[in-house]
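Working notes, beginning with the structure itself.
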Amino acid sequence: MYFLFILGTAGSGKSYLTSALAEWLEDHELSVTRVNLDPAVEWLPYSPDVDVRDYVEVRKVMEKYGLGPNGALITSVDMLVSYIDKIRDEIEALRSNYVIVDTPGQLELFAFRQSGPYITSLISQGYKSLAIYLIDSFFTHQPTSFVSALLLAISVHLRLGIPQIHVLSKSDLISSDRIEKVQTWLSDPLSLIDEIEQDKVSRSLRDVAIQIEKILGETGLVGEVIPVSSKTGEGLDELYGEIQRILAGGEDYLTEEASGPL
Ligand SMILES: Nc1nc2c(ncn2[C@@H]2O[C@H](COP(=O)(O)OP(=O)(O)OP(=O)(O)O)[C@@H](O)[C@H]2O)c(=O)[nH]1
Ligand SMILES: [Mg+2]
């Protein structure tokens with residue numbers, strides 16, 4: 001079993017990608033377990049095989065602790081830690097080739113708090129896993145917003161500590177010229193810095209974005225993005241190729257023991 005964690009900001013296309021990638025894998029004779037890790041979601045574009053809503057109900061958490069929707073979601077995910085063994089048992093009983101885990105939109109769970117990284121490491125303990133991080137095509141229209149999107153992607157990578165593939169989601173919504181431009185920004189950080197210089201934000205914000213991009217470019221942590229559309233299916237072949245390349249790679253990222261988050 002291989003674990004694929006689908007992550008990204010709210011509305012970036014995680015659930016639709018879970019659905020499209022699962023169908024793609026099944027069309028290629030691979031079995032898939034779809035896991036919904038969002039206790040607050042009301043509707044999903046796929047039918048989950050394992051669903052945390054069977055364990056925690058956000059509405060009840062809101063009532064019991066007098067919390068609003070966001071606070072209740074964070075608390076519900078914290079509470080999930082005590083059901084991890086049961087969720088793991090459910091996943092293991094299905095013994096599929098791939099386990100795709102659709103995560104909640106509150107990215108702070110994975111970028112800043114402890115529960116997200118802790119749950120991902122406990123669920124996939126002993127199996128190879130990787131993160132598929134979605135950068136919404138919407139964030140490519142302004143160079144400075146693309147830099148902040150990259151910064152968030154790297155925050156998640158730092159917290160989870162597993163290999164991470166970067167996907168440019170909803171690629172059908174932007175032109176092929178823009179896709180090409182984004183790929184050039186990543187392969188040649190100086191081209192992105194040139195465009196930040198032209199961005200219509202204050203001089204001081206441009207300077208901050210340039211300094212951040214210089215560091216991000218040097219780390220090479222987001223070296224490329226794979227444009228994917230869950231609506232047209234474009235890019236799913238490339239995404240699978242990259243998944244295979246990383247899973248077959250020599251890097252030792254098998255989670256031998258569930259360590260606490262950073
Ligand atoms: N055009 C286009 N729209 C997409 C694509 N993927 C998702 N969407 C749309 O984007 C919206 C959000 O998609 P979801 O998959 O629900 O996003 P999410 O990241 O799971 O959202 P949260 O779980 O609420 O954070 C929906 O209206 C989808 O129809 C895509 O590839 N192309
Ligand atoms: Mg979703």
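Each eigenvalue of the Cα gyration tensor of region 54-104, multiplied by 5 and square-rooted, gives one semi-axis; in descending order these are 26, 11, 8 Å.
Simple spin-label estimate for R245 and L190 gives 2.5 nm between the two label positions (7 Å along the Cα-to-Cβ direction from each Cα).
Rounded to the nearest 20 debye, the dipole magnitude of region 18-159 is 520 debye, with +1 charges on Lys and Arg beta carbons, -1 on Asp and Glu beta carbons, and the Cα centre as origin.
Angle of helix 69-80 to the longest C-alpha principal axis of the chain, folded into 0 to 90 degrees and rounded to 10: 60°.
Our coupling estimate for region 12-22, obtained by passing each phi through the Karplus curve with A = 6.51, B = -1.76, C = 1.60 and θ = phi - 60°, is 6, x, 4, 5, 5, 5, 3, 5, 5, 5, 4 Hz, Gly and Pro reported as x.
When you filter the GluC sites (Glu not before Pro) in region 1-77 for DSSP loop state and at most 12 other Cβ atoms inside 10 Å of their Cβ, you are left with E29, E42.
Please get the size of the charge dipole for the chain, origin at its Cα centre, with Cβ charges of +1 on Lys and Arg and -1 on Asp and Glu, quoted in debye to the nearest 20. Walk me through the numbers on the way to the answer.
Values: 21 positive and 39 negative charges, 157 e Å.
The calculated dipole for the chain is roughly 760 debye.
Among the chymotrypsin sites (Phe, Trp or Tyr not before Pro) found in region 28-81, those both in a DSSP coil and sparsely packed, with 10 or fewer other Cβ atoms within 10 Å of their Cβ, are W43. Taking amide H atoms as placed 1.01 Å from N in the peptide plane, the amide H of F3 lies under 5 Å from those of V99, K128, S129, L130, each 5 or more residues away in sequence or on another chain.
What are the equivalent ellipsoid semi-axes of the chain, built from the alpha-carbon gyration tensor (square roots of five times its eigenvalues), in whole angstrom, biggest first? Walk me through the numbers on the way to the answer.
On the way: eigenvalues 187, 94, 62 Å².
Taking √(5λ) for each Cα gyration eigenvalue gives 31, 22, 18 Å.
How far, in nm, would the chain grow between E218 and D54 when pulled straight, counting 0.36 nm per residue and subtracting the alpha carbon separation?
Extending this stretch completely gives an extra 54.6 nm.
Taking the longest Cα principal axis of the chain as reference, the axis of helix 203-219 is set at about 70 degrees. At most 15 other Cβ atoms within 10 Å plus a DSSP loop assignment makes a site exposed; report the longest stretch of the chain without any exposed trypsin sites (Lys or Arg not before Pro). Here the longest segment lacking exposed loop sites spans 96-199. Working note: 222 nm ellipticity from helices only, DSSP H runs with n ≥ 4, each -39,500 (n - 2.57), summed and divided by the residues of the chain, gives -15000 deg cm²/dmol to the nearest 500. Backbone amide hydrogens, once placed in the peptide plane, bring D38 within less than 5 Å of V52, excluding anything fewer than 5 places away on its chain.
Taking 8 Å as the Cα distance limit and 6 or more residues as the minimum spacing, I'd like the relative contact order of the chain as a percentage.
Working: 420 pairs, mean separation 64.5, N = 262.
That works out to 25 percent.
Note on region 8-116: percent of Cα-Cα distances in each 10 Å bin, starting at 0 and stopping at the bin with the largest distance, equals 14, 44, 34, 7, 1.
For the chain, take the longest principal axis of its alpha carbons; what is the angle in degrees between that and the long axis of helix 189-198, to the nearest 10 within 0 to 90? Its long axis makes an angle of about 70 degrees.
Distance distribution P(r), region 111-152, all Cα-Cα pairs, bin width 10 angstrom from 0: 23, 37, 27, 12, 0 percent.
Calculate, in nm to one decimal, what F112 and S31 gain on full extension: separation in residues at 0.36 nm each, minus their alpha carbon distance. Can you show the working numbers first?
On the way: separation 81, 0.36 × 81 = 29.16 nm, distance 3.26 nm.
Stretched out fully, the F112 to S31 stretch lengthens by 25.9 nm.
State log₁₀ I(q)/I(0) for region 150-254 at q = 0.17, 0.18 Å⁻¹ as given by the Debye formula over alpha-carbon point scatterers of equal weight, solvent excluded. Taken in order of the listed q values, log10 I(q)/I(0) reads -0.93, -1.02. Taking 19 Å as the cut-off, the amide N atoms of region 195-213 that come nearer than this to a point 7 Å along the Cα-to-beta-carbon line of L158 belong to 208-213.
Where a number appears in this text, it was derived from the coordinates with a stated rule and is not lab data. This is a predicted model, so every value here is computed, not measured. Backbone-built Cβ (ideal geometry, glycine too); neighbour counts: all protein chains shown.
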